[in-house]
Amino acid sequence: MTKTDPAVGAHCDFADVEHAEDVADPYRTLEDGSRPDVQDWLRSQGQKTRRFLDALPGRDRIERMLLSASSTTRWGVPIRRAGKSFYTVQHGDAQQQVWMVADKAGERILVDPHSWRGQDTDYVGAFEPSPDARYVAYVRHLSGSGFGTLHIFDVERGCDLPEVIGRCRLAFPSWAADSRRFLYTRSSEELPSASAWDEIVMHRVGDTVDCDQALSLRWDPSLRFGWTKSLPDRSGFVCYRNGGGSRHAVWILDENGAEVVQIADANEFDLSVVHKTGSTIFALTDYMATRMRVVAFDLSAPQPDNWRTVIPESSCVIKWVTFVGGSWVLCRSEHGWDRVEVQDADGGPLRRVPLPEPAILSWPQSTPDDDDLDLAVYSLAHQGTIYRITPRLAAAHPVRSLKGDHGLSDCVLAQVFVTARDGERIPLTLIHPPGLVRDGRAPTLLYGYGAFGRPAAHGFSFATLAWLKSGGVYAIAHTRGGSEEGENWHEAAKGAKRSVAHQDFCDCAEWLIAERYCSADMLGIRGASAGGLLVATAFLQRPDLFGAAICDAAPTDMVRFPKFTLGSAWIDEFGDPGDPAALQVILQWSPLHNVQSDRSYPPILISTGARDEVVAPLHSMKFAAALQNTPSPLVLLHVKENAGHSVANSRDQRRQLVVDQHVFLWSCLAKAGQSSG
């Protein structure tokens, strides 16, 4: 692979003096994407990557298979309000989901991103109907950007209202009971910035944006990120704020957005309000329950000493809980996979709702006035089915299934436990075609995430489909840093203990090799975002364990990460490089700072989106440049235009991404298998 052009930083003398330590940064120039030489370098990188990937064997077969499999119609879980049902649908080769509404008059298109500018990468973000179903607050995202504009759609008139609200990312629109006002979140700055913070603002339908008023709640300036939700009884709102960590401060607000009471300070515990009856609040919390419990308390005495347990902690993690049809409905997660249970409001035994397992469940969109709720149930082998859950009967029946049988029903799915080097049992999920011969020669793909208290398990994906249909083994490492075993599982690989997640991932790789699913040169690894960081770190620490790697949208410069986009929000998770002790730990594993210039690494494909406003593309660019200045045989960088943090925003982008990654991994591992065989 051609080495990085010195003109864009291969031999520059940039360095940071951090706490009297000289931290070299020879690729600093790549942080400035406006420089003509950097733009030329990126074009050259893209051309080389495209030529290599387009020439790989097997592209046509995978493209045909994915075109057939992904051309089925896909529906989203409906949101029901005031006799209307709002849901997404994506037909055939449509690039984006379209929002529909159905009522007694039939169904019709509501919001169609294809009609805005004709751009494939324009999409709908947040979408929230008003309680009376008259209006919908939704966010338009253009050209794959994570930032967008908030709009109000008049369902009766079938058009957008004039007001357009900028500086919105997730927005979190939350309607008041009158269906004429809502709270939303907007950035304090026009463009993504490391210094931006979230304003929480009240908007009245029909007013100009200039009339919007930011809430004047009392909170610590370090709580930069905020969002609100309407209280379940519509009597007001609940406001959450944090500084980027997993825990947050919580306030109950009245219908005008004024503070009623603060329930939790930041960093005390995790708490989410799930129901309200009169002055009684019901909440899901990890306080004195690392696997979560449901508690109740009166607004006049919100201190934890006054809480009573409604649903106790168990050996499984409560992922979410909602109150529907006079019953509690819970999603419990066991080693990363979900199931549904119900309990009567007055107590009694928990009853499991029969659903396909293991599965990943969508989040509920119900209200306390509903008699039932709809959930999407996904598995690794099936695209998903929408089920209607009737809590009173602890029953479920399918409402809508996705068309198409992709031939994965007979795949073998199992979960095993890997003994980590410190003795902990790490869940590892495996799926492979039937009749697998464990002779160490099966191309195997190991996926991981392991951060921010989020589970690694996921449902059906076309990337997994392509891998399994080609005869490969797919594995998910549920490393510490995630939420599979509760908050303690997260805390075990957080901050100064971050390397625990890297070790767990490598231990899972060693298990796959020891159990003869594959050999080291037949093992590929893949991760995105924080999972890409996990993969990049393991890839550098143990290049002997892997045959190839895919690294998507990954933060890799862990010394300068707080200076870009949302990076400062990750300090709680990864440590503060501004702290001398933390910097010493970070330098031991930060990918950019652990590339050894004289070492040869396995083939790697590094991808990022040019419009990524979560993890700045400079992370991938600097990491690729560093690896290209080693003896490594193959280091590819692909910066995708009109793509955000997901790297692929349209259906065609997602399809091409799957094809690119599949043929890259399969080619590298097959070549290694041929040479070793």
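The values are calculated or read from the model by the stated rules, or taken from the named source; none is laboratory data. If you're wondering where the values come from, they're calculated on a predicted model, not measured in any experiment. Because the Cβ atoms are built from the backbone with ideal geometry, glycine has one as well, and the counts that use them run over all protein chains shown. Calculation scope for accessible area: heavy atoms of the full protein, side chains included, ligands and nucleic acids excluded. Shrake-Rupley method; radii C 1.70, N 1.55, O 1.52, S 1.80 Å.
Observations on the model:
- Restriction of the trypsin sites (Lys or Arg not before Pro) in the stretch 511-583 to DSSP coil positions whose beta-carbon has at most 14 other beta-carbons within 10 angstrom yields Arg516.
- Set of lysines near Lys319 by C-alpha distance (under 22 Å), chain-local residues within fewer than 8 positions excluded: Lys229, Lys276, Lys494
- With the simple spin-label model, which puts each label point 7 Å out from Cα in the Cβ direction, the Val260 to Ser597 separation comes to 6.3 nm.
- Stokes-Einstein diffusion for the stretch 261-342 at 10 °C, viscosity 1.306 mPa s, with a Kirkwood radius from C-alpha pairs, works out to 121 µm²/s.
- Accessible surface calculations at 1.4 Å, restricted to protein heavy atoms, place the stretch 269-340 at 33 Å² per residue.
- Net charge contributed by nearby residues that have their C-beta within less than 11 Å of Arg204 (K/R +1, D/E -1): -2
- Relative compactness, the stretch 170-215, computed as alpha-carbon Rg over 2.2 N^0.38 Å: 1.22
- Per-atom-type breakdown for the chain gives carbon and sulfur 49% of the accessible area (1.4 Å probe, protein chains only).
- Across the stretch 421-520 the C-alpha pair distances fall into 10 Å bins from zero in the proportions 16, 44, 30, 10, 0 percent.
- Stokes-Einstein D (µm²/s) once Rh is taken as the Kirkwood radius of the chain over alpha-carbon pairs, at 4 °C in 1.567 mPa s: 49 µm²/s
- Reference-scaled alpha-carbon Rg (2.2 N^0.38 Å with N residues) for the stretch 628-667: 1.38
- Zero-based 5 Å bins, Cα pair distances in the stretch 356-508, whole percents: 2, 9, 15, 17, 15, 15, 13, 8, 4, 1, 0, 0
- GluC sites (Glu not before Pro) restricted to DSSP loop in the stretch 510-586 with at most 15 other C-beta within 10 Å: Glu515
- Gained length - Ser68 relative to Val412, 0.36 nm times residue gap less alpha-carbon distance: 121.5 nm
- 20 Å reach of a label modelled at Asp652, 7 Å along Cα-to-Cβ, counting backbone N of the stretch 54-84: 54-55, 59-74
- Estimated purely from DSSP H runs of n ≥ 4, each contributing -39500 (n - 2.57), the mean residue ellipticity at 222 nm for the chain is -5500 deg cm²/dmol once divided by its residues.
- Gln584 versus Asp22: modelled label distance in nm, points set 7 Å from Cα along the beta carbon direction: 2.0 nm
- Given their separation in residues at 0.36 nm each and the Cα-Cα distance between them, Asn488 and Arg388 gain 32.7 nm when the chain is fully extended.
- Computed from label points 7 Å out along Cα-Cβ, the spacing between Asp220 and Glu199 is 2.4 nm.
- Charge dipole (debye, nearest 20) of the stretch 82-147; +1 at Cβ of Lys and Arg, -1 at Cβ of Asp and Glu: 180 debye
- Shape analysis of the stretch 200-288 based on the Cα gyration tensor places the equivalent ellipsoid semi-axes at 23, 17, 10 Å, largest first.
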